[in-house]
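For reference, the structure is listed below as structure tokens.
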Amino acid sequence: MLSLSKPSPDIIHAFLVAQKDQQFSYDPVGASRATAPPDGYVIDHNRVQLGVGSAVFERAKDAIRQWKMFEMSWLELCWPNVPIVAGSTVAVEVHHLGFWSLNACRIVYMIEEHGAIEKYGFAYGTLFDHSEMGEERFTVEFHTNGETVWYDIYAFSRPRRLARVTYPFARALQKRFASDSKRAMQRAVEQA
């Protein structure tokens, strides 16, 4: 959904209600779990070290639970109080080129792994009311050997609708999101 002005809470609520029965806009749902990416998609993989120690890992998990990776000036998650559980639907509100867009996503699966590398996070996938199609995984990792803590973003995507026409700009936004998301997680862990 595109708008020349910031959508009101009522418009966002109606947009989210309309997503209730929408299907994912891509076929390999859950493929961000696989070791090999799906064919025909652009792959983005970004990571940053958040610190060292189990206390940092706990703060990083709390940051994921609170959607802190979306705290940036040009983007807003609607709504950050949505529980992170499979099936939850959110809208990502983006301000760019003088207009606003709402993009619908649904959580596909959760991650909670224990072992030499502990992982916590989730993946969400795009619904048909999204300018892209694909899946994005957000995880924090605790490497028990060395106790390093990492934030990891892995995504596969391809453009839909208007994003096909403005593909270089859409790719720039994806790269900006990854960079800003890493900084947001660093801030969240440092401030906790």
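The values are calculated or read from the model by the stated rules, or taken from the named source; none is laboratory data. Given the structure is predicted, the values throughout are model-derived calculations rather than measurements. Here Cβ is always computed from backbone atoms with ideal geometry, including for glycine, and neighbour counts include all displayed protein chains. Please note that ligands, DNA and RNA were not included when accessible areas were found on the heavy atoms of the full protein model with its side chains. Shrake-Rupley method; radii C 1.70, N 1.55, O 1.52, S 1.80 Å.
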(request) Would you tally the net charge around residue 131, using a Cβ to Cβ cut-off of less than 13 Å, leaving residue 131 out, and scoring K and R as +1, D and E as -1? (result) +2
(request) Output the relative contact order of the stretch 110-191, whole-number percent, from Cα pairs under 8 angstrom with separation of 6+ residues. (result) 21 percent
(request) Kindly report, to the nearest 10 Å², the accessible surface of residue 76 as traced by a 1.4 Å probe over protein heavy atoms only. (result) 80 Å²
(message) Stokes-Einstein diffusion coefficient for the chain at 37 °C in a medium of 0.692 mPa s, Rh from the Kirkwood formula over Cα pairs: what value in µm²/s?
(response) 193 µm²/s
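Classify the stretch 29-93 as rounded, prolate or oblate, taking a ≥ b ≥ c as the square roots of the eigenvalues of its Cα gyration tensor: rounded when a/c is under 1.5, otherwise prolate if a/b is larger than b/c and oblate if not. Please report the intermediate quantities before stating the final value.
Numbers: a/c = 1.66, a/b = 1.16, b/c = 1.43.
Verdict is oblate for the stretch 29-93.
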(message) If N is the number of residues in the stretch 32-140, what value comes out of its Cα radius of gyration divided by 2.2 N^0.38 Å?
(response) 1.13
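Given contacts defined as C-alpha pairs under 8 Å and at least six residues apart, what's the relative contact order of the stretch 51-192, whole-number percent?
On the way: 269 pairs, mean separation 33.1, N = 142.
23 percent.
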(request) Report, ordered by chain and residue number, the lysines lying within cross-link reach of residue 61, taken as a straight Cα distance under 20 Å and ignoring same-chain residues fewer than 8 apart. (result) 119, 182
(request) Report, ordered by chain and residue number, the aspartates and glutamates lying within cross-link reach of residue 20, taken as a straight Cα distance under 17 Å and ignoring same-chain residues fewer than 8 apart. (result) 10, 129
(message) How charged is the neighbourhood of residue 87? Take every other residue with its Cβ under 14 Å from the Cβ of residue 87, and add Lys/Arg as +1 and Asp/Glu as -1.
(response) +1
(message) Rounding to the nearest 10 and keeping the result within 0 to 90°, find how far the Cα-based axis of helix 9-18 lies from the longest principal axis of the chain.
(response) 90 degrees
(request) Please work out how much accessible surface residue 126 shows to a 1.4 Å probe, ignoring ligands, DNA and RNA, in Å² rounded to 10. (result) 10 Å²
(message) Counting only other residues whose beta carbon sits under 13 Å from that of residue 161, what net charge do I get with K and R as +1, D and E as -1?
(response) +1
